[in-house]
Amino acid sequence: MFKAIVSAETLRTALDSVSVLVDECKIHLNEDGIEIRAVDPANVGMVDLSLSADAFESYEADGGLIGVNLSRLEDIAGMADAGQLVELELDEETRKLHTQIDGLEYTLALIDPDSIRQEPDIPDLDLPAEIVIEGADIDRAVTAADMVSDHIALGVDEADELFYIDAEGDTDDVHLELDQGDLIDLQVGPAHSLFSLDYLKDMDKAIAKDAEVTMELGEEFPVKLHFDIAEGNGHVTFMLAPRIQSD
Amino acid sequence: MFKAIVSAETLRTALDSVSVLVDECKIHLNEDGIEIRAVDPANVGMVDLSLSADAFESYEADGGLIGVNLSRLEDIAGMADAGQLVELELDEETRKLHTQIDGLEYTLALIDPDSIRQEPDIPDLDLPAEIVIEGADIDRAVTAADMVSDHIALGVDEADELFYIDAEGDTDDVHLELDQGDLIDLQVGPAHSLFSLDYLKDMDKAIAKDAEVTMELGEEFPVKLHFDIAEGNGHVTFMLAPRIQSD
Amino acid sequence: MFKAIVSAETLRTALDSVSVLVDECKIHLNEDGIEIRAVDPANVGMVDLSLSADAFESYEADGGLIGVNLSRLEDIAGMADAGQLVELELDEETRKLHTQIDGLEYTLALIDPDSIRQEPDIPDLDLPAEIVIEGADIDRAVTAADMVSDHIALGVDEADELFYIDAEGDTDDVHLELDQGDLIDLQVGPAHSLFSLDYLKDMDKAIAKDAEVTMELGEEFPVKLHFDIAEGNGHVTFMLAPRIQSD
């Protein structure tokens, strides 16, 4: 059983954080909210999204699992105006999701969850550095880095107590340094890793400019990005594997 | 003789309703206003547009007939700002239409009306159901239907006294029901017909969101859509032939 | 030595006037401001841009010459919001230009000036007619002309004391006449020349709608367009060679 009403905006924000990595996903319809975990086909980027029942106008579920085509569900959410509500109801027999926006019904055929790539276990890493940064700063660094390179280094300078972003192109370079004062918070530790800019660009799309993003970083380790959505009633964790550094 | 001044906005609105179906058309320059009738090459969609002399700032004509390239005339209207006036004057000798917007003259070569597809006679059907609906509701139904299918069913449920729109895709379906309360008016009668979504999408483009659209509908019959433009000084009728229903 | 701070908007406006003609250019870093002169590969359009030290928030230079990739420098300026400042500093040893926007550093590799097409000498022509016209009027004439033709005639009617723009297409024509009252100023003289619309469209892109443009014109002579940028602290001159008139 699953029956819920949610604002189109909240639904879109939640789906966006997953659809930047995968086209299809499994959605856990837990009693206290929904959860989605997914990994991209190359096993490089992972997402863990939870949206609690409080993020919905109304929410009833008893622990089912459905498989959905994300772009279809985003199309549905996209039909609504920002203020409008989307009603969702699972028909267990036909395995279809009935959606309704102001009287307009869209019946979405679900996908067999077994046919969808297995959900990842996002490892519980104990990373030495933690940076709390505004979404807007990630965005401008990623945008600038993209002009010169296809990978980006994230690191912490322990001596100078600052977080830095580096992108080295064939001719041009981009560099951003943010210290305690520029950041929301900084916990220094040995950290420097190189990442694919393509993935970080996709993740950046799902991060609101005014989001407070907690970044966990190590040396040649994956980066984890955490942030709240839906006014704190939802949470997203991205994890991105490092690229091997060639010198 | 033809000499008229019209707001760029009125001219654009009028031309749009015809250009969604055809590239060229004949324009009757009657004493009391202009009239355009046109049918698309496949004989599926027809339009009958009338724009009375009252829709113009000034209007003088004595019954001529001209042939025009619609996209050219739309380009001209498109050069003007919404509030600007477009002056039109026919040069009978050279068969050119002189247009002027704030001093900028554009001389448009006309097309021999005989070389343009014959104007349709829009049949005077006596259709059993009549629905008066907001343009915005047509728009959202057509937009949603387009996500799942390339045709759309319009019908009336006589028992429940409601108008419905149905689109069945290979996996997903879209359905909208509007009753007396949702509609501006509803006169029930036996009605259910299937239409090509491509045509309805084109017609939808020419319908203002806040337009009051009268829809006449029957069983496996064409649909007629009527609405006013130019603050009631113009009127558009679209007619769309049904598709044969395959089951 | 070169070290300067300039608003992103001023930098973008200045670069745009050159980048519509060429991809790379030499920039003279004079003591009293920067200067750029460039000619397009076909030797048809030229630009002379000067931006005085007063256009900058701060400016220090001692007469160097650098070569830059314009689209790269425009990308950098494009990263900043309109109100933001761009810091520029030349590293003479590495021949790189260090730029910085709110802490974000972008290091731009410079190009050997000797590898860039030679700067043109913009001839000091004594053209008989001078028209002072709003950028908006050039824009609408060029936009309209582009619908019918790929070249455009600019001229002055000495008898009627007016400036005209003419574009003759295969079927349609565009014509604009502006007299003393429509123009900011007009000094009549024998003038009629034909120009490539492609070049004029590019130059038009770099002219603000509210700019006061001084146009110097003759018979089968190049046209010169002058206008101020950066609130009078910068100046642009475009020169466009005429096309041979075929009748």
Would a scan of region B:217-224 turn up a residue that is acidic (Asp, Glu), surrounded by fewer than 17 Cβ atoms within 10 Å (Cβ to Cβ), touching a residue at least 12 places away in the same chain (Cβ under 8 Å) and touching a Pro at 6+ places or on another chain (Cβ under 8 Å)?
yes
Screening B:Asp81, B:Asp102 for residues that are of a type in the set (D, E, K, R), farther than 20 Å from B:Ala230 by Cα and at pLDDT below 95 leaves only B:Asp102
Only one of (1) under 22 Å from C:Asp146 (Cβ atoms); (2) within 14 Å of chain B (Cβ to nearest Cβ) does not apply to C:Met215, and that is (2)
The strands (runs of 3 or more DSSP E) lying entirely within region A:1-55 that contain at least 3 residues which are within 16 Å of the chain's Cα centre (by Cα) and closer than 22 Å to A:Ala211 by Cα are A:33-39, A:45-52
In region C:24-54, anything out of contact with any strand residue (DSSP E or B) (no Cβ under 7 Å at 6 or more places or on another chain) and either of a type in the set (Gly, Ala, Ser) or within 14 Å of C:Arg117 (Cβ to Cβ) (or both) is listed as C:Asp40, C:Pro41, C:Ala42, C:Asn43
So, B:Arg140, is that one in a helix (DSSP H, G or I) and in the same structural domain as B:Thr10 (by TED's automatic domain parsing) or not?
no
Any chance A:Val68 is buried (at least 21 other Cβ atoms within 10 Å of the Cβ), within 14 Å of chain B (Cβ to nearest Cβ) and touching a Ser or Thr at 6+ places or on another chain (Cβ under 7 Å): no
Of the residues in region A:3-16, those that are of a type outside the set (Val, Ile, Thr), within 13 Å of A:Ala55 (Cβ to Cβ) and in contact with a strand residue (DSSP E or B) (Cβ under 8 Å, 6 or more places away or on another chain) number 5
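Of everything in region C:150-165 that's in a loop (DSSP other than H, G, I, E, B) and more than 25 Å from the chain's Cα centre (by Cα), which residue is surrounded by the most Cβ atoms within 10 Å (Cβ to Cβ)?
C:Glu158
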Looking across region C:197-247 at residues that are of a type outside the set (D, E, K, R) and assigned to a helix (DSSP H, G or I), the single one that is nearest to C:Ala8 (Cα to Cα) is C:Ala230
Taking region C:100-127 and keeping residues under 23 Å from the mean Cα position of the chain (by Cα) and polar (S, T, N, Q) leaves C:Ser115, C:Gln118
(1) under 22 Å from the mean Cα position of the chain (by Cα); (2) free of Cβ contacts under 8 Å to residues at least 24 places away in the same chain all hold for C:Ala208 apart from (2)
A:Gly78 meets each of (1) closer than 20 Å to A:Leu11 by Cβ; (2) assigned by TED's automatic domain parsing to the domain that holds A:Gly181 with one exception, condition (2)
Filtering region A:43-60 down to residues that are surrounded by fewer than 21 Cβ atoms within 10 Å (Cβ to Cβ) and either more than 23 Å from A:Val22 (Cα to Cα) or within 14 Å of another protein chain (Cβ to nearest Cβ) (or both) yields A:Ala53, A:Asp54, A:Glu57, A:Ser58, A:Glu60
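A:Val132: touching a residue at least 24 places away in the same chain (Cβ under 8 Å), hydrophobic (A, V, I, L, M, F, W, C) and surrounded by fewer than 18 Cβ atoms within 10 Å (Cβ to Cβ), yes or no? Step through it out loud before you land on a result.
Details: touching a residue at least 24 places away in the same chain (Cβ under 8 Å): yes; hydrophobic (A, V, I, L, M, F, W, C): yes; surrounded by fewer than 18 Cβ atoms within 10 Å (Cβ to Cβ): yes.
When the stated conditions are applied, A:Val132 passes them.
Assess whether A:Ser7 counts as being more than 17 Å from A:Pro113 (Cα to Cα), touching a residue at least 12 places away in the same chain (Cβ under 8 Å) and polar (S, T, N, Q).
Spelling it out, A:Ser7 is indeed more than 17 Å from A:Pro113 (Cα to Cα), touching a residue at least 12 places away in the same chain (Cβ under 8 Å) and polar (S, T, N, Q).
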Selection from region B:155-196 of residues within 20 Å of B:Ala211 (Cα to Cα) and facing chain A (nearest Cβ under 9 Å) yields B:Ile165, B:Leu176, B:Glu177, B:Leu178, B:Asp182
Picked from region C:166-196 (must be assigned to a loop (DSSP other than H, G, I, E, B) and either in contact with a helix residue (DSSP H, G or I) (Cβ under 9 Å, 6 or more places away or on another chain) or β-branched (Val, Ile, Thr) (or both)), the residue surrounded by the most Cβ atoms within 10 Å (Cβ to Cβ) is C:Asp172
Given the conditions (1) hydrophobic (A, V, I, L, M, F, W, C); (2) under 30 Å from C:Ala8 (Cα atoms); (3) surrounded by fewer than 15 Cβ atoms within 10 Å (Cβ to Cβ), every one holds for C:Leu125 apart from (2)
A careful count of residues in region C:78-134 that are within 13 Å of chain A (Cβ to nearest Cβ) and in a loop (DSSP other than H, G, I, E, B) gives 9
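The values are calculated or read from the model by the stated rules, or taken from the named source; none is laboratory data. These numbers come from a predicted model, not from an experiment. Note: ideal-geometry Cβ built from the backbone for every residue, glycine included; neighbour counts use all protein chains shown.
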